[in-house]
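Okay, so here's the structure we're looking at.
The values are calculated or read from the model by the stated rules, or taken from the named source; none is laboratory data. It should be emphasised that the depicted structure is a prediction, and the values quoted were computed from it without experimental measurement. Glycine also receives a Cβ, built like all others from the backbone with ideal geometry; neighbour counts cover every protein chain displayed. Remember, those area values only see protein heavy atoms, side chains included, never the ligands or the DNA or RNA. Shrake-Rupley method; radii C 1.70, N 1.55, O 1.52, S 1.80 Å.
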Amino acid sequence: MSAPVASTPRTEWTPLELPTAQQAFVRASGAAFESTDPATGDLVARVRASEPADVDAAVGAGRAAVRGAWRDDGALRARVLQRYAHALRERADELAELLTREQGKKLFEARVEILGAANHADYYAGQARSIHGRALPLGPGVHGVTLREPVGVVAVNTPWNWPLTLPTRSLAPALAAGNAVVVKPASLTPAITVAALAPLAADPELPEGIVSCVLGSGAVVGDALVKHPGVEMIAFTGESTTGVGVMRHAADRLKKVSLELGGKSPNIVFADAPMEKALAGAAAAAFSSTGQICTAGSRLLLERSIADEFLAKLAAKVDALRVGDGLDPSTDIAPVVSRSQQRSILDYIELGRKEGELVAGGRPLDGPEHAAGCYVPPAIVTGLAPDARLVQEEIFGPVLAVQVFDDDDEAIALANCTEFGLAAGLWTSDLNRAWRLGREVEAGTIWINTYNRFYTELEVGGVKQSGMGRQQGVVGLEEFTEVKSLNFDANPSLW
Ligand code: NAD
């Protein structure tokens, strides 16, 4: 059973009213909607939803701004992104508190998120100055020159679990490459995205219209944005099924897409693994951010000879985790984002009792101290068949499915047995095995003797139903460009 809910040292909060006059980059003139605190149910912010005319205005402003100095001056784009990174770092404490209040995650994780976003902005500030093509001699007096040009107006649709890092991870390379962006944050977490982007949008050197934000539900505003004929590329992060729908709409006008979608990532522990590290790694992979990470190691694959002992130690660790308010520094497991998410995860835990055996956590937290919050106790389920729903479906909460294997081939087969292919972890001291499994496991990222370590320099992304395209790194920048070829002929001729 999980440790008691942590106590809550809360200061009073004055709900934000957005957009304000300082946030003219937010185009939202429709009905008000609210975001609430997952720990208490209190009002965090009241914002307006965007109307179709607002989406039109945001896209139109982007199209008007995207040519000229912005497209051709990498140093200008670098300065703007550097100042954005600086503003995030300067306001990290204030933004982290807003993020925790609106999304629920632990304050420590919120700070990591803000600083992670600053890192993306910094990295792509550097890249903005070194976007280049090639020059090729193609024959006597004939030269080809390739240019990497911006795509145009990019719609950035992002989910609620990392409401600042994820928009920034797309927006920073898109801006570095000279595009305009219209950001549509998740409707559960609009305030943190708007508050963090405000200094960027207000940058004195940023041409008006290059950064806009529209607010509201995915089904209405997100949909209107991705279908808008003026949008030339969609950088979508979210559920696989939503991503498939986005791609269908993109096909109507042959828009470029970058899709960062769901996952059900295997974390594979071999008997020769550094055991204490693997234990800590398995717990963190499954339960950090209350399991609401696309790359969560939500399937633990254990080699049979160590399975019982490993599982007993992991269950003891998980039972000792403190479930509580993200603002309380003693909290290990913060609330999930919403009541509907809470219900869905608790249903999966109930299903786990039927499909397998619950070996840790999973009991409802029904004390008065957590009645107002969206709390879910972390759970570990074992004895599951490979086709069990707990093995196959993304739960997006603190629920770990455990499977056991006898040899490398079975580990590979189990790792690859879902429709997802976002990430995987391997814990072993055998480098030959790590290399072989690194090649055979179907995933965009494989962590070896670590998990969920992200570096802006290193590409991430999914295969199978986990997405297409890559974010981060040099490839993450190239996604937001088109290659144009100029062909110069010194002796004008046809052929
Ligand atoms: P979601 O698909 O419901 O929504 C994502 C975003 O798209 C939100 O802004 C939403 O408002 C918008 N949206 C919803 N329907 C839309 C539509 N029809 N047209 C256009 N936009 C629409 O996802 P969610 O529940 O907010 O987030 C959780 C999901 O995100 C999980 O599946 C998780 O794995 C995934 N995710 C993936 C990554 C990654 O990098 N691969 C990162 C984080 C989260």
Qualifying residues in the range 336-370 (those that are among the small types (Gly, Ala, Ser) and surrounded by 12 or more Cβ atoms within 10 Å (Cβ to Cβ)) - the one farthest from residue 100 (Cα to Cα): 356
Residues that are open to solvent by 10 Å² or more (accessible area, probe 1.4 Å), part of a helix (DSSP H, G or I) and more than 10 Å from the ligand (Cβ to nearest atom), drawn from the range 249-278: 251, 252, 275, 276, 277
Residue in the range 423-439 that is small (Gly, Ala, Ser) and open to solvent by 70 Å² or more (accessible area, probe 1.4 Å) present: yes
Tally of residues being within 15 Å of the ligand (Cβ to nearest atom), free of Cβ contacts under 8 Å to residues at least 40 places away in the same chain and among the aromatic types (Phe, Trp, Tyr) across the range 448-495: 1
Residue in the range 426-446 that is touching a Cys at 6+ places or on another chain (Cβ under 7 Å) and assigned to a loop (DSSP other than H, G, I, E, B) present: no
Search result, residues across the range 209-239 that are outside any loop (DSSP other than H, G, I, E, B), touching a Gly at 6+ places or on another chain (Cβ under 7 Å) and either surrounded by fewer than 20 Cβ atoms within 10 Å (Cβ to Cβ) or of a type in the set (Val, Ile, Thr) (or both): none
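Can you give me the number of residues within the range 51-66 that are closer than 21 Å to residue 233 by Cβ and either of a type in the set (Gly, Ala, Ser) or not assigned by TED's automatic domain parsing to the domain that holds residue 169 (or both)? Break it down stepwise before answering.
We begin by selecting, within the range 51-66, every residue closer than 21 Å to residue 233 by Cβ; these are 52, 54-66.
Those still in the list that are either of a type in the set (Gly, Ala, Ser) or not assigned by TED's automatic domain parsing to the domain that holds residue 169 (or both) too: 57-58, 60-62, 64-65.
Matching residues across the range 51-66 total 7.
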Unique residue being closer than 21 Å to residue 237 by Cβ and of a type in the set (Gly, Ala, Ser) when the list is 75, 69, 110, 92: 110
Residue among 166, 188 that is surrounded by fewer than 24 Cβ atoms within 10 Å (Cβ to Cβ) and near the ligand (Cβ under 9 Å from one of its atoms): 188
Single condition residue 472 does not satisfy, out of (1) over 14 Å from the mean Cα position of the chain (by Cα); (2) crowded, with 21+ Cβ neighbours inside 10 Å; (3) polar (S, T, N, Q): (1)
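Go through 179, 161 for me and flag whichever is within 12 Å of the ligand (Cβ to nearest atom) and crowded, with 24+ Cβ neighbours inside 10 Å.
Values: 179 fails: within 12 Å of the ligand (Cβ to nearest atom).
Testing whether each residue is within 12 Å of the ligand (Cβ to nearest atom) and crowded, with 24+ Cβ neighbours inside 10 Å leaves just 161.
Select, from 103, 127, 82, the only residue that is among the polar types (S, T, N, Q) and open to solvent by 60 Å² or more (accessible area, probe 1.4 Å). Let's see the steps before the verdict.
On the way: 103 fails: open to solvent by 60 Å² or more (accessible area, probe 1.4 Å); 127 fails: open to solvent by 60 Å² or more (accessible area, probe 1.4 Å).
After applying the criteria, what remains is 82.
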Test: residue in the range 142-158 that is at pLDDT below 95, out of contact with any Cys (no Cβ under 7 Å at 6 or more places or on another chain) and either outside any strand (DSSP E or B) or open to solvent by 20 Å² or more (accessible area, probe 1.4 Å) (or both): yes
Matching residues, the range 419-441, being of a type in the set (Asp, Glu) and either more than 15 Å from the ligand (Cβ to nearest atom) or in the same structural domain as residue 162 (by TED's automatic domain parsing) (or both): 430, 440
